[in-house]
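Nothing in this text is a laboratory measurement; each read-out follows from the coordinates by a stated rule. Here the structure is a predicted model, which means the values were calculated and not measured. Heads up, the Cβs are rebuilt from the backbone with ideal geometry, glycines too, and the neighbour counts pull from every protein chain shown.
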Amino acid sequence: MLPIHKIIWHEWREKRLPARVPEPEYMVDPAQIQAYVTAYEWNGPASALQLYHLTQLASMIRPGDTVVDLACGPGPLLLELAPLFPDCLFIGADLSQPMLDALSEAAAQRGLRNVHTLCEDIRDLPSLADLTVDMVISTSALHHLPDLECLDQVFARVERLLKPDGGFYSFDFGLVRSAKARALLVADVARRAPALTAQDYRLSLDAAFPMAEVIASARRALSRPLTVRSSWFVDFFYFIRTRDRGPPAPAVLAYVQAMRARCDVSVRAEAAMLQRLQRVR
Ligand SMILES: C[S@@+](CC[C@H](N)C(=O)[O-])C[C@H]1O[C@@H](n2cnc3c(N)ncnc32)[C@H](O)[C@@H]1O
């Protein structure tokens, strides 16, 4: 379990935001990609988040939608969504061809025909025409961008891509002020995951943008109402999303329930904590 009281204490004591340390923009190392794929296996360190994403997206994706996942990596979320929404088209966009190869291979192994890949920069996405996308999603990825100007470019591209009734859903880490708090967060993952995953997580926390800056950038670029939720103890992660686009898909909720039941108690506890997020004004 996360030592939440210690994290809050260290964060409360540290008043200044550190400079973020950008990560290499795209990921091509095979060992890193494999560690990434393994981290998303059910019951692993990303399971509670996956349950949360699926629950949110159950009422945001509609039958027949075109869904674009920005910086999809090996596509852990797309591989869950594609069989649950068989008549939707899922496009995973990433700059790393090896990441996209991992996604295509996994999709083929699972017999998924509704997952396509696009090796393009998410700031531009030149192959996609404006006003052709129903849902844009992005998870654990925007912190890879070099700076806030790039983030502005990504949100501006999202706005142009989306149809008038289109939706947006994103999750990412926020910049935690205290180095000690960050170390405790990494140590918690290191207990449950291989060293490479913990190392990757540390780099992600160091590269995170200050949460308020990301929210401001999204609000400037996106014309539709946004809801923001974040971790209530420190600004360590946040979700930015538009409103529901329909009733929740029963098949997705049933799947979430089944997968939650298969996970062990620590994943279920983390998933329960995610239900108590704080709404950011
Ligand atoms: C940490 S992975 C996230 C993967 C996935 N979205 C998830 O939920 O786990 C970040 C991905 O962003 C990609 N990336 C970084 N900058 C990018 C850019 N400007 N355009 C496209 N992909 C980018 C990297 O190649 C990497 O695959």
Every pair of residues 6+ apart whose Cβ atoms lie under 9 Å, when the first sits in segment 151-162 and is farther than 9 Å from Val133 by Cβ while the second is acidic (Asp, Glu) and assigned to a helix (DSSP H, G or I): Leu151/Glu213
When (1) crowded, with 17+ Cβ neighbours inside 10 Å; (2) in a helix (DSSP H, G or I); (3) of a type outside the set (S, T, N, Q) are applied to Ala108, the one that fails is (1)
Just the residues that are touching a strand residue (DSSP E or B) at 6+ places or on another chain (Cβ under 8 Å), near the ligand (Cβ under 10 Å from one of its atoms) and part of a helix (DSSP H, G or I), please, taken from segment 127-150. Leu142, His143
Taking segment 122-146 and the residues there that are among the charged types (D, E, K, R) and more than 19 Å from the chain's Cα centre (by Cα), the one that is nearest to Tyr201 (Cα to Cα) would be Asp124
If I filter segment 223-243 for residues that are in a helix (DSSP H, G or I) and in contact (Cβ under 8 Å) with a residue 40 or more places away in the chain, do I get at least one hit? no
For Asp29, work out the one condition from (1) out of contact with any helix residue (DSSP H, G or I) (no Cβ under 7 Å at 6 or more places or on another chain); (2) surrounded by fewer than 18 Cβ atoms within 10 Å (Cβ to Cβ); (3) touching a residue at least 40 places away in the same chain (Cβ under 8 Å); (4) of a type in the set (D, E, K, R) it doesn't fulfil. (3)
Scope segment 171-200; condition under 14 Å from Ala35 (Cα atoms) and in contact (Cβ under 8 Å) with a residue 40 or more places away in the chain; matching residues: Val189, Arg192, Ala193, Pro194, Leu196, Thr197, Asp200
What is the residue count in segment 77-121 for residues that are under 17 Å from the mean Cα position of the chain (by Cα) and away from the ligand (no atom under 14 Å from the Cβ)? 1
Here is a check on your reading of the model: is Phe171 closer than 29 Å to Leu131 by Cβ and of a type in the set (Phe, Trp, Tyr)? yes
Return only the number of the condition from (1) more than 19 Å from Gln56 (Cβ to Cβ); (2) in a helix (DSSP H, G or I) that Ile122 does not satisfy. (2)
Tell me yes or no: at least one residue of segment 37-58 is crowded, with 18+ Cβ neighbours inside 10 Å and touching a Gly at 6+ places or on another chain (Cβ under 7 Å). no
